[in-house]
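For reference, the structure is listed below as structure tokens.
None of the figures in this text is laboratory data; all of them are computed from the coordinates on show. These numbers come from a predicted model, not from an experiment. Positions of Cβ are generated from backbone atoms using ideal geometry, with glycine treated the same way; all protein chains shown enter the neighbour counts.
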Amino acid sequence: MSVTRLNITLPTDIVDDIKALYGGRGISQFLEEAAREKLAVVKATVYKDLVEGYQATAEATVQVLKKFEHTVTEKRDV
């Protein structure tokens with residue numbers, strides 16, 4: 001796994017709490033775990049919204065495709 005070094009700014013009280021729980025060397029691991037958890041939630045929400053959006057318009061899409069079906073399926077002299 002490749003890594004990228006970042007320079008971030010956090011409120012001191014948050015950093016102090018992380019250090020108290022994980023030690024000075026545990027900050028990166030804590031932030032990585034927190035970021036992975038947050039990303040999982042955000043991705044699940046985004047994908048859920050996309051799926052619901054597609055499902056909501058599925059019937060309308062089918063109706064539009066039926067209107068153009070004859071232009072795709074009719075034989076043409078080329």
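Would any residue of the stretch 29-45 have its amide N under 18 Å from a label point 7 Å out along Cα→Cβ of V51? List them or say none.
39-45
Mind counting lysine pairs for me in the chain? Cα separation below 30 Å, and the two need to be 8 or more apart along the chain or on different chains.
Lysine pairs satisfying the spacing and distance rule in the chain number 7.
If exposed trypsin sites (Lys or Arg not before Pro) are those in a DSSP loop with at most 14 other Cβ within 10 Å, what is the longest stretch of the chain that has none?
Answer - 6-74.
Considering the options S2, T45, A60, tell which one lies farthest towards the positive end of the dipole of the chain, charges being +1 on Lys and Arg and -1 on Asp and Glu at the Cβ, about the Cα centre.
Toward the positive end, the furthest listed residue is S2.
Would you calculate a helix-derived [θ] at 222 nm for the chain, using -39,500 (n - 2.57) for each DSSP H run of n ≥ 4 and dividing by the full residue count, to the nearest 500?
Estimated from H runs of four or more residues: -27000 deg cm²/dmol.
Show me, for the stretch 57-63, the HN-Hα J-couplings you get by feeding each phi into the Karplus relation (A = 6.51, B = -1.76, C = 1.60, θ = phi - 60°), rounded to Hz, glycine and proline as x.
Result, rounded to whole Hz: 9, 4, 5, 5, 5, 4, 5.
Taking only Cα atoms, what is the 0 to 90° angle, nearest 10, from helix 12-22's long axis to the longest principal axis of the chain?
The helix 12-22 is inclined about 80 degrees to the chain.
Grab every C-alpha pair in the chain, bin the distances at 10 angstrom width from 0 up to the longest one, and report whole percents.
All Cα pairs considered, the percentages come to 13, 24, 18, 13, 12, 11, 7, 2.
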